[in-house]
Amino acid sequence: MHLVKPFLPLVCAVCLNACHLLDVSDRSVGQARLLAPYVGQGHGVALIQGRSAVVYDAGPPEQDGLWRALRDAAVDTITALFVTHPDVDHWGGLDSLLAHFPVRRLIHGPIEPIRLKQAFGWACRQIPSGCETTFQGRSIPVLDGLHVDVLWPDSGAVFDEPNEGSLVLRTCRGNHGLLLVSGDLDTTGELHVAPRLSPTDVVELGHHGSRTSGHLRFLGAASPRWVVVQAGIDNDYGHPTAEALARARAVGAAMARPLPGAPFKLDREPFR
């Protein structure tokens, strides 16, 4: 018996707010579109309105899937770029994004200053406002009508293990949750965050679908319509694992995995 249904086709069209059915050519303010391209063994997704985007992680180095997908979506500005934590498969593509788009803000969680300098401190120097640190309790306006609520980490303290301090970001229009991103947070962190969650249309499965990601309590609290997982083809880690995918299916979510040449897109009709 198969625990997980096959991944659904990866080019879909669903609008991320309670709006009218619109033509795919409609780029009016107020319509949020999700773009999750194939970035190899890494993470990088975006919400787009008009020609502006908010980006969650930058993918690994020497992987051009994210900036090319943004270009193909007619994006010309990155309003905010969140780096969930300082693992290179989440920030290594910063150079390509900065080379092709103006980035207005670069926001990250608490990181030890030396580690930040060694990782992407160079990127902070290319942004006029520098980098910003955020943690639980902040609500950050990002696009017209959209804000990002920071649900983890719970303070400005630095974690010895970067995955444990991964930002958990819930993007909303008003009280309606559109997208939940959790970097490489593991089970312990997910259980801390779960009481703060409420239904959210799309969850990006944490840590590329590792065995310790996607706890049932975490996913159940988010109650997603879709779960998206980004992982490299035939990667050495076995991501996404059957256990993580089964838990996502157990909460009734449809599954999608971007593959080369087939980004996952949601941009046409309402979820709810």
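The values are calculated or read from the model by the stated rules, or taken from the named source; none is laboratory data. Computed from a predicted structure; not experimentally measured. Methodologically, a virtual Cβ is constructed for each residue, glycine included, from the backbone with ideal geometry; neighbour enumeration extends over all protein chains shown.
A few points about this structure:
- Among (1) surrounded by fewer than 17 Cβ atoms within 10 Å (Cβ to Cβ); (2) within 15 Å of the chain's Cα centre (by Cα) - the single one W226 does not satisfy: (1)
- Answer from A74, A53 - the residue that is modelled with pLDDT of 95 or more, surrounded by fewer than 24 Cβ atoms within 10 Å (Cβ to Cβ), aliphatic (A, V, I, L, M) and farther than 16 Å from E132 by Cβ: A74
- V203 vs. criteria of a type in the set (A, V, I, L, M), in contact with a helix residue (DSSP H, G or I) (Cβ under 6 Å, 6 or more places away or on another chain), free of Cβ contacts under 8 Å to residues at least 40 places away in the same chain and surrounded by 24 or more Cβ atoms within 10 Å (Cβ to Cβ): no
- As a summary of the residue check, L66 satisfies the conditions (1) farther than 23 Å from V228 by Cα; (2) crowded, with 17+ Cβ neighbours inside 10 Å except for the one numbered (1).
- First in segment 131-143 and surrounded by fewer than 18 Cβ atoms within 10 Å (Cβ to Cβ), second anywhere and in a strand (DSSP E or B) and charged (D, E, K, R), Cβ under 9 Å, 6 or more apart: G137/D149; R138/D149; S139/D149
- Whichever residue in segment 94-116 is within 18 Å of D184 (Cβ to Cβ) and aliphatic (A, V, I, L, M) and, among such residues, is surrounded by the fewest Cβ atoms within 10 Å (Cβ to Cβ): L116
- Selection status of A119, in contact with a Pro (Cβ under 6 Å, 6 or more places away or on another chain) and either surrounded by 19 or more Cβ atoms within 10 Å (Cβ to Cβ) or touching a residue at least 24 places away in the same chain (Cβ under 8 Å) (or both): yes
Here is a yes/no grid of residues against (1) in a loop (DSSP other than H, G, I, E, B); (2) in contact with a helix residue (DSSP H, G or I) (Cβ under 6 Å, 6 or more places away or on another chain); (3) of a type in the set (V, I, T):
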residue: D160; (1), (2), (3): yes, no, no
residue: L180; (1), (2), (3): no, yes, no
residue: L185; (1), (2), (3): yes, yes, no
residue: E190; (1), (2), (3): no, yes, no
residue: A221; (1), (2), (3): no, yes, no
residue: I233; (1), (2), (3): yes, no, yes
residue: Y237; (1), (2), (3): yes, no, no
residue: L245; (1), (2), (3): no, no, no
